[in-house]
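Just below is one structure, and these are the notes that go with it.
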There are 2 protein chains.
Amino acid sequence: MTIGTGRGVSIAEVARLAGVSTATVSRALSGRGHVSEAARERVLQAARELGYVVSQAASSLASGRTRNVGIVLPFLGRWYFSSVLEGAQQRLMHAGYDVTLYNLAGHDGERAMVFEQFLLRQRVDAVIAVALELTDAELGSLRAIGKPHVGVGGPIPGVPTLMIDDVAVARLATEHLIGLDHRRIGIIGGDRASDLDFHMPDKRLRGWQQALADAGLDPEPGLIAQADFTVQGGYAAAKQLLGAPRRDRPTAIFAASDEMAFGAMLAARDLGLDVPGDVSIAGVDDHDLAEFFGLTTVAQFPRTQGARAVDILLMQLEPSVDEAAPADTPLPYELRVRRSTARPRT
Amino acid sequence: MTIGTGRGVSIAEVARLAGVSTATVSRALSGRGHVSEAARERVLQAARELGYVVSQAASSLASGRTRNVGIVLPFLGRWYFSSVLEGAQQRLMHAGYDVTLYNLAGHDGERAMVFEQFLLRQRVDAVIAVALELTDAELGSLRAIGKPHVGVGGPIPGVPTLMIDDVAVARLATEHLIGLDHRRIGIIGGDRASDLDFHMPDKRLRGWQQALADAGLDPEPGLIAQADFTVQGGYAAAKQLLGAPRRDRPTAIFAASDEMAFGAMLAARDLGLDVPGDVSIAGVDDHDLAEFFGLTTVAQFPRTQGARAVDILLMQLEPSVDEAAPADTPLPYELRVRRSTARPRT
DNA sequence: TTGAAAGCGCTAACAA
DNA sequence: TTGTTAGCGCTTTCAA
């Protein structure tokens, strides 16, 4: 490998060594256009010998493609988000794409920066937005520059979005509890802040309501607590629910995320309540720690969701990849019953 | 804003509107070279009017700078790593840099890909390696292409590395326990797998040993358990330590990370042992949940570490930014005493 | 199937 | 302080 030249080996050097033109090298290496087997062989060999790696900048400038996908997300530290990111990044890398990360954790200014300066032009071929509701202006600019974009976990009008059926997921968890003969089933849902960018909390609430209604149970306000999708939040919310007088206390709690469910389990313990003896608890996600906590949950598969999002983009980015479009098939989810749920003590 | 042109507004259009040359536009917008106040004004105004954003590809090709920094890390889902990433990304973004993420979570093949294909040339101006020991070959290529690189949390020979003094941190936590009159202090350290890429576990073990030795205590093998830095691992390890016959059971445990300490706290509870009544537990990190669990810990500040790593790179990347070099000042850490530690019951 | 050559949009050296 | 201009390294059209 030639080193230290600052700019690296150029395509011209490969062409010279292989005894072909730069155009042929480009074709051989990119797979676009026809190249004889013999020529391809010699090019590959020469490239290997010289340690040639294409210059992204030059390639992008000439072709208009960056081989770079932007991923925008509101949190990095939470399980769901880092899992989606992981799944997407891995798939993209194998397809030869870089991932540029835009984390909106900070202030509003950052969001504007991301959309106006970074994503806007020429830096990425496509965008994956995770659990983010885009404003009309943001959508407008994405559409204007004609970059494909998909949403994961968030509802983006007019944009292919990968999301589980949140209503159905919540129903499933709640129906599991009803099936165990629970009659007073509380919910720890999202608070208003977490609903802002992302209407999932509201849907999970509706799923819970529907399941209760179908069973002839009353989804009374006293059974609803709100939290911010963190362990701490779930803990506090569960204390509220479980601190109610005995006759009002739920015998089961559906938490809209596993992290909140963990908090609820800890709250129950701290109150001296046995899980599942005194209270059953179910979550959503199948977090890495769900098994450890013995938490019954409805699994979703964020790594796969990230990878699927990439597949959809790749189909638009590289016409060669044209499998049967799986874009709008609903995403899988699955009830996993563990130790945290059981029939109520009678 | 002009839209839909595919390639976006070019510098030539801005130059025309502002009545100057493209060179002046470039200078005005990048801040390099002298431009009269009047010209700068007109350029800025024109650029705003046209919605001009520089083409990264063209700029990189011409200048050799990508305004892109690669961050390589072995995990995304763990608190320490996502926090470093968050800190670095935010700082970089404000400096106008993109972050390209390379997660080595997958198989070995990926590691080779990252170093040979992606990082090697022309895609990034600098590299931040988080808790990763680079091989000689990897270091060699980084050096050969002359890209600045820093390590965070991992020891990289010959490379500026931001890391806390792991020996001292472990000593501090252990001395805190000794100061409370504990005499049998166990440790949950890293297992061999986690030491592979990252000698932190070994250092924390040594800190514990030194603190015990200084106090005339015997760091006997029975007090040592190993885990993989996860909650689950910490739980299992703690069960081993705490399951010992009463006379051998430690009255305190130092866990080399907060996540393992959480596991240890849960293990103690499951054994019916009171924390801190029967056993005190201390960790390292000040994880987001440490406050919630009431865990005594030695805080480190990964977000700041990420940001500091960026500062060091920026100093090399942009000669204008020349503050007094803070490169090798030791990183701060801080004992935070919470509910999980107390004097042993007598 | 191959090669020649015209850019892609910008930066930086040089000249003025 | 400003403008002219020669590339940066690649892709892609066109012609052969």
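The values are calculated or read from the model by the stated rules, or taken from the named source; none is laboratory data. Since the structure is predicted, the reported quantities are computational estimates derived from the model, not experimental observations. When we count neighbours, we look across all protein chains shown, and the Cβ atoms used for this are built from the backbone with ideal geometry, even at glycine.
Any residue at all in segment B:241-252 that is β-branched (Val, Ile, Thr) and under 30 Å from the mean Cα position of the chain (by Cα)?
Pass one, segment B:241-252, residues β-branched (Val, Ile, Thr): B:251.
Among the residues that remain, those that are also under 30 Å from the mean Cα position of the chain (by Cα) are: none.
Among the residues of segment B:241-252, not one is β-branched (Val, Ile, Thr) and under 30 Å from the mean Cα position of the chain (by Cα), which makes the answer no.
Contact map, segment B:285-306: residues that are touching a residue at least 60 places away in the same chain (Cβ under 8 Å) and surrounded by 19 or more Cβ atoms within 10 Å (Cβ to Cβ) paired with residues that are among the basic types (Lys, Arg) and assigned to a loop (DSSP other than H, G, I, E, B), Cβ distance under 8 Å, separation 6+ or inter-chain. Pairs shown: B:THR296/B:ARG338; B:THR296/B:ARG339; B:THR297/B:ARG338.
Annotation note: Cβ proximity below 7 Å between a residue of segment B:24-38 that is within 19 Å of B:ALA95 (Cα to Cα) and a residue that is more than 8 Å from DNA strand D (Cβ to nearest atom) and in a loop (DSSP other than H, G, I, E, B) (sequence gap 6+ or interchain) occurs for B:LEU29/B:VAL54.
Scanning segment A:61-80 for residues that are in contact (Cβ under 8 Å) with a residue 60 or more places away in the chain and closer than 30 Å to B:SER55 by Cα yields A:ARG65, A:VAL69, A:VAL72, A:PRO74.
Being in contact with a helix residue (DSSP H, G or I) (Cβ under 8 Å, 6 or more places away or on another chain) and within 14 Å of chain B (Cβ to nearest Cβ) is a property that does not hold for A:ASP311. Restricting the search to segment B:243-275, which residues are assigned to a loop (DSSP other than H, G, I, E, B) and either within 14 Å of chain A (Cβ to nearest Cβ) or closer than 22 Å to A:PHE293 by Cα (or both)? Those that are assigned to a loop (DSSP other than H, G, I, E, B) and either within 14 Å of chain A (Cβ to nearest Cβ) or closer than 22 Å to A:PHE293 by Cα (or both): B:GLY243, B:ALA256, B:SER257, B:LEU271, B:GLY272, B:LEU273, B:ASP274, B:VAL275.
Remark: pairs (first residue in segment B:41-56, free of Cβ contacts under 8 Å to residues at least 60 places away in the same chain and over 13 Å from B:ARG27 (Cα atoms); second residue among the hydroxyl-bearing types (Ser, Thr, Tyr) and assigned to a loop (DSSP other than H, G, I, E, B); Cβ separation under 7 Å; 6+ apart in sequence or on different chains) = B:LEU50/B:THR2; B:GLY51/B:THR2. When residues in segment A:43-60 are screened for being within 13 Å of DNA strand C (Cβ to nearest atom) and surrounded by fewer than 19 Cβ atoms within 10 Å (Cβ to Cβ), 2 of them pass.
Which of the residues spanning segment B:164-188 are β-branched (Val, Ile, Thr) and part of a helix (DSSP H, G or I)?
As a first pass, look at segment B:164-188 and keep what is β-branched (Val, Ile, Thr): B:164, B:167, B:169, B:174, B:178, B:185, B:187-188.
Listed by number, the residues that qualify are B:VAL167, B:VAL169, B:THR174, B:ILE178.
In the list A:GLY70, A:GLY87, which residue meets the criterion of being over 28 Å from A:SER26 (Cβ atoms) and more than 9 Å from DNA strand D (Cβ to nearest atom)?
Details: A:GLY70 fails: over 28 Å from A:SER26 (Cβ atoms).
One residue alone meets the criteria, A:GLY87.
For segment A:15-31, which positions are more than 10 Å from DNA strand C (Cβ to nearest atom) and either over 22 Å from A:ARG65 (Cα atoms) or at pLDDT below 90 (or both)? Of everything in segment A:15-31, those that are more than 10 Å from DNA strand C (Cβ to nearest atom) and either over 22 Å from A:ARG65 (Cα atoms) or at pLDDT below 90 (or both) turn out to be A:ARG16, A:LEU17, A:GLY31.
Here is a yes/no grid of residues against (1) more than 6 Å from DNA strand D (Cβ to nearest atom); (2) in contact with a strand residue (DSSP E or B) (Cβ under 9 Å, 6 or more places away or on another chain); (3) within 23 Å of A:TYR97 (Cα to Cα):
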position: A:GLY19; (1), (2), (3): yes, no, no
position: A:THR24; (1), (2), (3): yes, no, yes
position: A:ARG27; (1), (2), (3): no, no, yes
position: A:GLY33; (1), (2), (3): yes, no, yes
position: A:ALA39; (1), (2), (3): yes, no, no
position: A:VAL54; (1), (2), (3): no, no, yes
position: A:ALA58; (1), (2), (3): no, no, yes
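When you check B:LEU212 against the structure, is it free of Cβ contacts under 8 Å to residues at least 40 places away in the same chain, outside any loop (DSSP other than H, G, I, E, B) and under 16 Å from B:ALA170 (Cβ atoms), yes or no? Yes, satisfied. Within segment B:41-52, the residues that satisfy the criterion of being more than 10 Å from DNA strand D (Cβ to nearest atom) and either touching a strand residue (DSSP E or B) at 6+ places or on another chain (Cβ under 9 Å) or aliphatic (A, V, I, L, M) (or both) are B:LEU44, B:ALA46, B:ALA47, B:LEU50. Between A:VAL159, A:VAL150, the distinction of being more than 9 Å from every other protein chain (Cβ to nearest Cβ) and either assigned to a helix (DSSP H, G or I) or touching a residue at least 40 places away in the same chain (Cβ under 8 Å) (or both) belongs to A:VAL150 only.
Output the strands (runs of 3 or more DSSP E) that fall wholly within segment A:48-134 and possess 2 or more residues being at pLDDT below 95 and more than 9 Å from every other protein chain (Cβ to nearest Cβ), or say none.
So the answer is A:68-73, A:126-130.
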